[in-house]
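Reading through the structure tokens given below for one structure.
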Amino acid sequence: TQYLNQIRLEYGDEAPAQYLRYRLGLPQYIHEWPNYFPNHTTSKSPPFHVELLKDIDVGGRLAIAAPRGFAKSTSIDIFGVARFAIYSRYHFILIIADTYTQAKMQLGALKSELEGNEILKEIYGNLVGSVWGEDRIIVNGLGGECMIMALGAGMKIRGLRFNQYRPELVILDDLENQEMVASKERRDKLMRWLLYDVIPALSKDNNNIIYIGTILHHAALLKKVLDGEGAFASWRRKRYQA
């Protein structure tokens with residue numbers, strides 16, 4: 001605060017916001033990003049969360065497994081997606097959870113920050129775009145609009161577009177639950193949906209997937225991805241434990 005006040009005195013009231021817009025967009029300062037979400041960061045962000053933000057910033061295909069209660073969804077669905085949208089990294093992002101309701105809850109938490117976080121508003125201005133609904137929003141990013149849509153596992157994805165853009169980033173957040181992984185038929189169905197619906201629906205030139213969750217079964221889809229089986233051999237993979 002003292003440093004920003006000094007900038008304000010020397011260069012005017014708008015200078016701190018301009019400076020922070022520039023600084024927070026740089027990869028080397030990504031560790032500072034969680035500090036601007038006081039509703040979720042009530043203490044110093046652990047190295048694990050910063051590592052997640054650095055990993056997803058690379059892009060590509062990434063699978064991450066961590067125990068429940070590690071706030072991995074908060075780090076990626078709120079901190080990570082907010083940064084992507086504000087800095088116009090992607091034009092069209094999908095957040096997919098095991099149920100449609102859960103995905104909408106994740107989007108709702110992100111909406112609350114983009115709409116009501118006074119720190120973000122002071123730095124970036126009004127981020128609320130022309131669509132601000134329960135299952136989809138448009139964010140006014142620094143370089144243009146970004147659509148973020150919530151979907152449940154197994155829902156139709158093919159043909160989705162925002163203006164001329166197909167989905168450029170898909171976040172698969174805890175796709176599986178205990179009931180689902182207990183059934184081989186449902187496990188196989190989920191894998192077919194990922195391989196033959198989700199992946200082909202992505203943009204041809206900018207197709208990124210972040211799969212986060214907790215391994216619930218020895219034959220779970222997340223376990224297969226983390227083991228690099230078949231089509232998942234080229235994915236980057238991270239496992240964390242308590």
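General remarks:
- When Lys204 is tested against (1) in a loop (DSSP other than H, G, I, E, B); (2) closer than 21 Å to Asp98 by Cβ, only condition (2) is not met.
- Residues of segment 84-94 that are assigned to a helix (DSSP H, G or I), more than 9 Å from the chain's Cα centre (by Cα) and not small (Gly, Ala, Ser): Ile86 alone.
- Odd one out for Met105, checked against (1) more than 14 Å from the chain's Cα centre (by Cα); (2) farther than 26 Å from Arg23 by Cα: (1)
- Boolean, Gln178 is in contact with a helix residue (DSSP H, G or I) (Cβ under 7 Å, 6 or more places away or on another chain), among the polar types (S, T, N, Q) and either closer than 30 Å to Tyr22 by Cα or in contact (Cβ under 8 Å) with a residue 12 or more places away in the chain (or both): no
- Test result for Glu115, at pLDDT below 95, farther than 16 Å from Leu169 by Cα and of a type in the set (Asp, Glu): no
- For Arg161, the conditions (1) within 21 Å of the chain's Cα centre (by Cα); (2) surrounded by 14 or more Cβ atoms within 10 Å (Cβ to Cβ); (3) touching a residue at least 24 places away in the same chain (Cβ under 8 Å) are fulfilled apart from (2).
- Filter result (surrounded by 13 or more Cβ atoms within 10 Å (Cβ to Cβ), among the small types (Gly, Ala, Ser) and not in a strand (DSSP E or B)) within segment 209-242: Ala220, Gly228, Ala231
- A single entry from Ser73, Ser88, Ser45 fulfils the requirement of being touching a His at 6+ places or on another chain (Cβ under 9 Å) and either farther than 30 Å from Asp197 by Cα or of a type outside the set (Asp, Glu) (or both): Ser45.
- Within segment 164-180, tally of residues that are closer than 20 Å to Glu134 by Cβ and open to solvent by 50 Å² or more (accessible area, probe 1.4 Å): 1
- Pairs linking a residue in segment 182-207 that is closer than 17 Å to Phe162 by Cα to a residue that is surrounded by fewer than 12 Cβ atoms within 10 Å (Cβ to Cβ) and at pLDDT below 95, with Cβ atoms under 6 Å and 6 or more positions apart or on different chains, are Ala201/Arg158.
- Selection from segment 49-81 of residues that are in a loop (DSSP other than H, G, I, E, B) and in contact (Cβ under 8 Å) with a residue 12 or more places away in the chain: Gly59, Gly60, Ala66, Pro67, Arg68, Phe70, Ala71
The values are calculated or read from the model by the stated rules, or taken from the named source; none is laboratory data. Here the structure is a predicted model, which is why all the values come from computation and not from measurement. No Cβ is skipped: glycine too gets one built from the backbone with ideal geometry, and neighbour counts run over all protein chains shown. What goes into the accessible areas is simple: the full protein's heavy atoms, side chains included, and nothing from ligands, DNA or RNA. Shrake-Rupley method; radii C 1.70, N 1.55, O 1.52, S 1.80 Å.
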